[in-house]
Amino acid sequence: MAGTFKVLEEFQDDALTLPVRLPDGTVREFRIPSPSAEVGLRVQQLMEQGARMADSGTPMDAEILDDEAEMDLFKSALGSAYDEVMASGLDWSRVRHIAMTAVMWITVGLDMAEKYWAAEGDPSRVAPANRSARRASSAAASSTKRRGSTSGTSTRKATGRARKAAKT
(Lines give C-alpha, C1' and ligand atoms only; values in the text may rest on other atoms or scores of the structure.)
Protein backbone atom coordinates (compact mmCIF):
# COMPACT_ATOMS: atom_id res chain seq x y z
CA MET A 1 0.00 0.00 0.00
CA ALA A 2 1.38 3.38 -1.02
CA GLY A 3 1.77 6.20 1.50
CA THR A 4 -0.46 9.20 1.37
CA PHE A 5 1.11 12.59 0.94
CA LYS A 6 -0.34 15.65 2.64
CA VAL A 7 -1.21 18.59 0.43
CA LEU A 8 1.93 20.73 0.18
CA GLU A 9 0.20 23.91 1.32
CA GLU A 10 -0.87 22.18 4.56
CA PHE A 11 2.70 22.08 5.86
CA GLN A 12 4.73 24.54 3.80
CA ASP A 13 4.03 28.24 4.04
CA ASP A 14 4.26 30.19 0.80
CA ALA A 15 5.49 33.35 2.48
CA LEU A 16 8.11 34.67 4.87
CA THR A 17 6.93 37.19 7.45
CA LEU A 18 9.54 39.50 8.99
CA PRO A 19 8.88 41.90 11.88
CA VAL A 20 10.65 45.23 11.43
CA ARG A 21 10.73 48.34 13.64
CA LEU A 22 10.06 51.35 11.43
CA PRO A 23 11.68 54.78 11.90
CA ASP A 24 8.56 55.99 13.79
CA GLY A 25 9.01 53.19 16.37
CA THR A 26 6.11 51.01 15.27
CA VAL A 27 6.69 47.37 14.38
CA ARG A 28 5.43 46.25 11.02
CA GLU A 29 5.39 42.75 9.58
CA PHE A 30 6.46 42.47 5.96
CA ARG A 31 5.05 39.40 4.20
CA ILE A 32 7.39 38.23 1.45
CA PRO A 33 5.72 35.81 -0.98
CA SER A 34 7.44 32.73 -2.32
CA PRO A 35 9.06 33.55 -5.67
CA SER A 36 8.30 31.98 -9.02
CA ALA A 37 10.41 28.97 -9.99
CA GLU A 38 12.37 31.11 -12.45
CA VAL A 39 13.27 33.71 -9.81
CA GLY A 40 14.08 31.02 -7.26
CA LEU A 41 16.51 29.33 -9.66
CA ARG A 42 18.19 32.64 -10.54
CA VAL A 43 18.65 33.51 -6.86
CA GLN A 44 20.01 29.98 -6.24
CA GLN A 45 22.58 30.40 -9.04
CA LEU A 46 23.82 33.68 -7.57
CA MET A 47 24.20 32.10 -4.13
CA GLU A 48 26.12 29.15 -5.62
CA GLN A 49 28.43 31.63 -7.33
CA GLY A 50 29.04 33.25 -3.95
CA ALA A 51 29.74 29.86 -2.35
CA ARG A 52 32.28 29.07 -5.08
CA MET A 53 33.98 32.40 -4.44
CA ALA A 54 34.13 31.63 -0.71
CA ASP A 55 35.62 28.20 -1.45
CA SER A 56 38.31 29.83 -3.59
CA GLY A 57 39.34 32.06 -0.68
CA THR A 58 37.61 35.24 -1.81
CA PRO A 59 36.89 37.44 1.25
CA MET A 60 33.32 37.31 2.59
CA ASP A 61 32.84 41.03 1.90
CA ALA A 62 33.96 40.89 -1.74
CA GLU A 63 31.52 42.33 -4.24
CA ILE A 64 29.78 39.62 -6.25
CA LEU A 65 27.17 41.87 -7.85
CA ASP A 66 27.31 45.46 -8.95
CA ASP A 67 24.77 47.85 -7.40
CA GLU A 68 22.22 47.44 -10.19
CA ALA A 69 22.38 43.64 -10.10
CA GLU A 70 22.11 43.68 -6.31
CA MET A 71 18.96 45.82 -6.46
CA ASP A 72 17.52 43.48 -9.10
CA LEU A 73 18.25 40.51 -6.83
CA PHE A 74 16.58 42.22 -3.87
CA LYS A 75 13.56 43.22 -5.94
CA SER A 76 13.21 39.63 -7.17
CA ALA A 77 13.64 38.14 -3.69
CA LEU A 78 11.13 40.51 -2.07
CA GLY A 79 8.56 40.20 -4.84
CA SER A 80 5.39 42.19 -4.16
CA ALA A 81 6.79 43.27 -0.77
CA TYR A 82 9.59 45.24 -2.46
CA ASP A 83 7.58 48.45 -2.92
CA GLU A 84 6.27 48.29 0.66
CA VAL A 85 9.77 47.82 2.08
CA MET A 86 11.21 50.64 -0.03
CA ALA A 87 8.36 53.02 0.90
CA SER A 88 8.67 52.29 4.63
CA GLY A 89 11.41 54.84 5.25
CA LEU A 90 13.98 52.25 6.36
CA ASP A 91 17.66 52.93 5.86
CA TRP A 92 19.68 50.88 3.38
CA SER A 93 21.20 48.50 5.95
CA ARG A 94 17.74 47.44 7.12
CA VAL A 95 16.39 47.06 3.57
CA ARG A 96 19.45 44.97 2.71
CA HIS A 97 19.00 42.81 5.83
CA ILE A 98 15.35 42.14 4.96
CA ALA A 99 16.23 41.31 1.35
CA MET A 100 19.19 39.07 2.24
CA THR A 101 17.03 37.20 4.74
CA ALA A 102 14.56 36.58 1.91
CA VAL A 103 17.43 35.39 -0.31
CA MET A 104 18.50 32.94 2.43
CA TRP A 105 14.92 31.70 2.76
CA ILE A 106 14.64 31.15 -0.99
CA THR A 107 17.97 29.36 -1.36
CA VAL A 108 18.55 27.36 1.81
CA GLY A 109 15.29 27.45 3.70
CA LEU A 110 13.58 28.89 6.73
CA ASP A 111 16.09 27.66 9.34
CA MET A 112 19.03 29.40 7.64
CA ALA A 113 16.95 32.54 7.07
CA GLU A 114 16.18 32.64 10.80
CA LYS A 115 19.89 32.22 11.62
CA TYR A 116 20.81 35.03 9.22
CA TRP A 117 18.12 37.28 10.73
CA ALA A 118 19.38 36.56 14.25
CA ALA A 119 23.02 37.11 13.18
CA GLU A 120 22.06 40.72 12.45
CA GLY A 121 23.38 40.59 8.90
CA ASP A 122 26.85 39.30 9.74
CA PRO A 123 27.42 36.44 7.26
CA SER A 124 30.47 35.22 9.19
CA ARG A 125 28.18 34.38 12.13
CA VAL A 126 26.05 32.21 9.83
CA ALA A 127 28.60 30.76 7.39
CA PRO A 128 30.41 27.54 8.25
CA ALA A 129 33.76 28.36 9.84
CA ASN A 130 36.11 26.36 7.64
CA ARG A 131 36.47 25.45 4.00
CA SER A 132 35.30 21.83 4.30
CA ALA A 133 32.20 22.90 6.21
CA ARG A 134 31.45 25.56 3.57
CA ARG A 135 31.92 22.95 0.87
CA ALA A 136 29.49 20.59 2.63
CA SER A 137 26.99 23.43 3.03
CA SER A 138 27.37 24.39 -0.63
CA ALA A 139 26.86 20.78 -1.69
CA ALA A 140 23.67 20.58 0.36
CA ALA A 141 22.39 23.83 -1.14
CA SER A 142 22.98 22.61 -4.68
CA SER A 143 21.89 19.01 -4.28
CA THR A 144 20.22 18.73 -7.67
CA LYS A 145 21.77 15.70 -9.31
CA ARG A 146 23.12 16.16 -12.81
CA ARG A 147 22.32 13.52 -15.35
CA GLY A 148 25.31 11.36 -16.20
CA SER A 149 26.46 10.54 -19.69
CA THR A 150 24.38 7.83 -21.35
CA SER A 151 26.90 7.33 -24.15
CA GLY A 152 29.50 5.78 -21.88
CA THR A 153 31.87 8.72 -22.30
CA SER A 154 33.35 10.69 -19.46
CA THR A 155 32.49 14.34 -18.86
CA ARG A 156 35.86 15.01 -17.20
CA LYS A 157 37.62 18.13 -18.31
CA ALA A 158 40.78 17.61 -20.29
CA THR A 159 44.05 18.01 -18.42
CA GLY A 160 46.39 20.82 -19.37
CA ARG A 161 48.54 18.42 -21.43
CA ALA A 162 45.49 17.08 -23.31
CA ARG A 163 44.23 20.60 -24.03
CA LYS A 164 47.67 21.61 -25.29
CA ALA A 165 47.82 18.55 -27.56
CA ALA A 166 44.36 19.29 -28.92
CA LYS A 167 45.44 22.80 -29.92
CA THR A 168 48.34 21.57 -32.04
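The values are calculated or read from the model by the stated rules, or taken from the named source; none is laboratory data. These figures come from a predicted structure and were not determined experimentally. Heavy atoms of the whole protein, side chains included, go into the accessibility calculation; ligands, DNA and RNA do not. Shrake-Rupley method; radii C 1.70, N 1.55, O 1.52, S 1.80 Å.
Brief remarks on what is shown
- Of the residues 92, 105, ranked by 1.4 Å probe accessible area with the largest first, the sequence reads 92, 105.
- Amide hydrogen neighbours beyond the local backbone of residue 30, cut-off 5 Å, H modeled: 18, 20
- Among the protein heavy atoms, those of residue 20 account for about 10 Å² of accessible surface (1.4 Å probe, every chain in place).
- In the context of the full set of protein chains, residues of region 17-108 present 57 Å² of accessible surface per residue (probe radius 1.4 Å, heavy atoms only).
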